[in-house]
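Student: Structure in structure tokens, see below.
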Amino acid sequence: HATKKTMADHLRKYESLFTLTPQRMRMIVEAFKDTLELGLEKHGQIVPMIPTYVFGWPTGGETGDFLAVDLGGTNLRVCLVTLQGNGKFEITQSKYRLTEEQKQEDGQKLFDFCAECLKLFIDTNFEPGSIKDGELLPLGFTFSYPCTQDRIDHGVLIRWTKGFGAANTEGRDVAEMFRQSLEKQKLPVHLTAIINDTTGTLIASSYVNPRTKIAVIFGTGCNAAYMERVGDIPKIKNLGIDDDAEMVINCEWGAFDSFEHEHLPRTKYDQTIDEQSNKPGEQAFEKLISGRYLGEILRLVICELIDDGVLFLGQNTYKLEIPYAFDTAFLSLMERHVFDPTEELLMIIGIFSHFFALETTLAERQFFRALAKLVGRRAARLSSCGIAAIVSRKGYLEEGCAVGADGSLYNKYPGFAERVHEGLQDIFGDKGRNIITYHAEDGSGVGSAIIAAMTKIRK
Ligand code: ADP
């Protein structure tokens with residue numbers, strides 16, 4: 001008769017499903033490069049390579065006070081940024097939590113809420129009378145969803161991502177919608193720029209570290225921006241902008257391989273996430289990488305093993321069976337090596353007993369940690385493929401460059417950056433060491449302030 005499989009036997013199956021070889025990575029990089037190229041050539045491509053109308057790098061000498069509203073995926077942030085010149089800045093900020101209802105309700109209501117939070121922020125942070133009558137503070141709106149722009153203070157939402165679905169917004173100018181909300185509150189602000197968080201992070205990181213050539217966000221979603229020569233963006237040649245001017249491109253690379261599903265190694269767990277998401281087929285790359293999904297991938301594997309009678313026999317697993325019940329932060333905690341003299345993996349005991357009322361064996365806990373590692377490592381290595389595609393397109397490998405990165409996944413997941421670096425070396429060999437990622441502080445808020453300042457100078 002067959003002997004019962006151990007957890008280590010099960011692990012081997014998942015190892016082969018979630019492991020990416022260097023050869024496979026190089027194939028993904030090639031396909032990625034073609035996709036970037038196509039997006040620059042023609043409008044309306046799956047990876048839209050959006051021209052942002054942010055021209056050139058900051059000098060570091062920009063100064064002044066600027067407000068920024070940042071609508072991310074999880075939180076709404078309002079910041080007051082004081083640029084001091086010399087690459088230095090000060091920032092005061094408040095965070096406001098968004099509810100799931102707000103993400104799905106009416107778009108105008110969502111922007112009304114943003115304006116209300118801004119009003120609260122201004123009332124709290126400015127002394128009465130400190131803003132003179134008629135004075136308007138420049139406001140940058142960091143709106144991190146794909147928008148087409150034909151100037152910097154205007155942006156038509158192509159589609160919601162990251163689980164948002166607010167009605168009456170796709171296809172409309174979000175700057176105009178936000179202006180309406182700002183007017184309702186009679187706020188002393190002037191909306192000067194709509195900026196993607198990747199664009200903001202690119203500009204803010206280069207203000208602080210001029211070696212920065214690429215910015216990547218690893219948060220609820222995943223996306224990147226970099227600087228492109230206008231002459232190399234065929235789809236905007238007719239605008240008569242100088243070929244040698246440089247413009248930030250917001251790649252919206254989370255959409256790579258959407259609908260076609262030709263290039264990325266999707267497992268059946270990834271397919272389930274896609275089918276059950278509010279946007280099936282879309283954001284194929286992001287769904288393998290970003291914070292919104294990694295916990296869910298792991299949960300689906302665990303649920304499969306529950307259904308097969310391998311895990312938690314005789315225990316009530318209903319809490320684990322709720323979609324998205326397993327936050328990506330749990331993967332981080334499971335992978336974190338804390339001092340644990342008992343070697344019992346106390347942290348993992350805690351997560352399962354406290355949040356899911358489940359008892360685990362040591363073998364199971366070792367399995368969960370190994371599984372988290374597989375899912376987290378795959379995400380990091382796929383991100384390396386995207387970075388490598390830009391590096392290779394722009395010829396940054398020889399000289400090397402820095403990559404400004406932000407988002408909870410990058411900042412809090414143990415070893416994430418190291419795994420991205422390891423992935424770059426698997427793709428490029430030793431030269432991969434020339435590409436270094438680092439945490440870009442407060443990129444989205446500060447970036448939008450710098451861009452507002454750059455726009456002011458240009459006018
Ligand atoms: P956003 O992208 O929404 O602006 P974040 O960068 O904070 O904001 O990303 C939020 C995402 O990060 C969520 O999907 C969440 O599951 C994930 N996350 C939060 N904390 C951690 C953590 N400690 N480790 C890994 N992922 C985390």
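Read-outs: derived from the displayed coordinates by stated rules, not from any lab. Since the model is a prediction, treat every value here as computed from it, not as a measurement. A quick note on method: Cβ atoms are made from the backbone with ideal geometry, for glycine too, and the neighbour counts reach across all protein chains shown.
Student: Suppose we keep just the DSSP beta bridges with both residues in the chain; what percent of those would be antiparallel, to 5?
Tutor: Around 60 percent antiparallel, to the nearest 5.
Student: Measure nothing but the geometry: give the 0 to 90° angle between the long axis through the Cα atoms of 107-125 and the longest principal axis through the Cα atoms of the chain, rounded to 10°.
Tutor: Between helix and principal axis, roughly 70 degrees.
Student: Rounded if a/c is under 1.5, else prolate if a/b beats b/c, else oblate: with a ≥ b ≥ c from the C-alpha gyration tensor eigenvalues square-rooted, which is region 99-179?
Tutor: Taking the square roots of the gyration eigenvalues as a ≥ b ≥ c, region 99-179 is oblate.
Student: Now a separate question. Could you tell me how far the Cα centroid of region 399-420 sits from the Cα centroid of region 1-58, in Å?
Tutor: Measuring centre to centre over Cα atoms gives 16 Å.
Student: Two decimals is fine: what's Rg over Rh for region 372-421, C-alpha atoms, Kirkwood radius as Rh?
Tutor: Taking Rg over the Kirkwood Rh, I get 1.00.
Student: Helix-derived [θ] at 222 nm for the chain: sum -39500 (n - 2.57) over DSSP H runs of at least 4, divide by residue count, nearest 500?
Tutor: That comes out to -13500 deg cm²/dmol.
Student: Kirkwood hydrodynamic radius of region 195-269 from all distinct Cα pairs, in Å?
Tutor: 14.3
Student: Something else about it: Using the Cα atoms of region 36-144, I'd like the radius of gyration and the largest Cα-Cα distance, Dmax, both in angstrom.
Tutor: In Å, with Rg to one decimal and Dmax whole: 17.4, 52.
Student: Is the shape of region 295-404 rounded, prolate or oblate, going by the alpha carbon gyration tensor and its root eigenvalues a ≥ b ≥ c, with a/c under 1.5 for rounded and a/b larger than b/c for prolate? Spell out each step's value before the answer.
Tutor: Details: a/c = 3.20, a/b = 2.10, b/c = 1.52.
Cα axes put region 295-404 in the prolate bin.
Student: Restrict the search to region 365-459; then list the GluC sites (Glu not before Pro) that DSSP places in a loop and that have at most 10 other Cβ atoms within 10 Å of their Cβ.
Tutor: Taking region 365-459 and a limit of 10 other Cβ atoms within 10 Å, the loop GluC sites (Glu not before Pro) found are 398, 399.
Student: Also, I was wondering about something else. Could you pull out which residues in region 42-70 have an amide N less than 17 Å from a spot 7 Å beyond the Cα of residue 82, following the Cα-Cβ vector?
Tutor: Those under the cut-off are 62-68.
Student: If you don't mind, another one. Please state the relative contact order of region 286-401 as a whole percent: Cα pairs under 8 Å, 6+ residues apart? Could you put the intermediate results ahead of the total?
Tutor: On the way: 88 pairs, mean separation 34.7, N = 116.
Reported as a whole number, the value is 30 percent.
Student: Rounded to whole Å, give me the distance from the Cα center of region 368-395 to that of region 122-190.
Tutor: 33
Student: Could you tell me how many degrees, from 0 to 90 and to the nearest 10, lie between the Cα long axis of helix 22-41 and the main elongation axis, the longest principal axis, of the Cα atoms of the chain?
Tutor: Once rounded, the angle reads 30 degrees.
Student: Could you give the dipole magnitude of the chain about its Cα centre, charging the beta-carbon of Lys and Arg +1 and that of Asp and Glu -1, in debye to the nearest 20? Could the numbers behind the result be given before it?
Tutor: On the way: 51 positive and 63 negative charges, 94 e Å.
Its charge dipole is roughly 460 debye.
Student: If the cut-off is a Cα-Cα distance under 19 Å, which lysines reach residue 4, setting aside same-chain residues fewer than 8 apart in sequence?
Tutor: List returned: 13.
Student: If you average over every viewing direction, what projected area does the convex hull of the Cα atoms of the chain give, in nm²?
Tutor: Over all viewing directions, the chain projects a mean Cα-hull area of 24.1 nm².
Student: For the pair residue 183 and residue 236, how long in nm is the line joining their label points, each one 7 Å along Cα→Cβ?
Tutor: 2.8
Student: For region 208-335, divide the Cα radius of gyration by the Kirkwood radius and give the resulting Rg/Rh value with two decimals.
Tutor: Computed over Cα atoms, the ratio is 1.15.
Student: Now a separate question. Given R₀ = 35 Å, what would the calculated FRET efficiency be for residue 6 paired with residue 412, taking r from the Cβ atoms and rounding to 0.05? Working shown, then result.
Tutor: Working: r = 32 Å, r/R0 = 0.91.
With R0 = 35 Å, the Cβ-Cβ based efficiency is 0.65.
Student: Expressed as a fraction of 2.2 N^0.38 Å, the rule-of-thumb size for a compact globular protein of N residues, what is the C-alpha radius of gyration of region 354-454?
Tutor: 1.39
Student: Relative contact order (percent) for region 230-323, with alpha-carbon contacts under 8 angstrom and 6 or more residues of separation?
Tutor: Value for region 230-323: 21 percent.
Student: Could you give the nm distance between label points at residue 359 and residue 329, where each point is 7 Å from its Cα heading toward the beta carbon?
Tutor: Taking the simple label geometry, residue 359 and residue 329 are separated by 2.8 nm.
Student: To continue, here is another question. Using label points projected 7 Å from each Cα along Cα→Cβ, tell me how many nm separate residue 124 and residue 272, to one decimal.
Tutor: So the label points at residue 124 and residue 272 sit 4.1 nm apart.
Student: I've got another one for you. Normalised by the number of residues in the chain, what is the relative contact order in percent for Cα pairs under 8 Å and 6+ residues apart?
Tutor: Relative contact order here is 21 percent.
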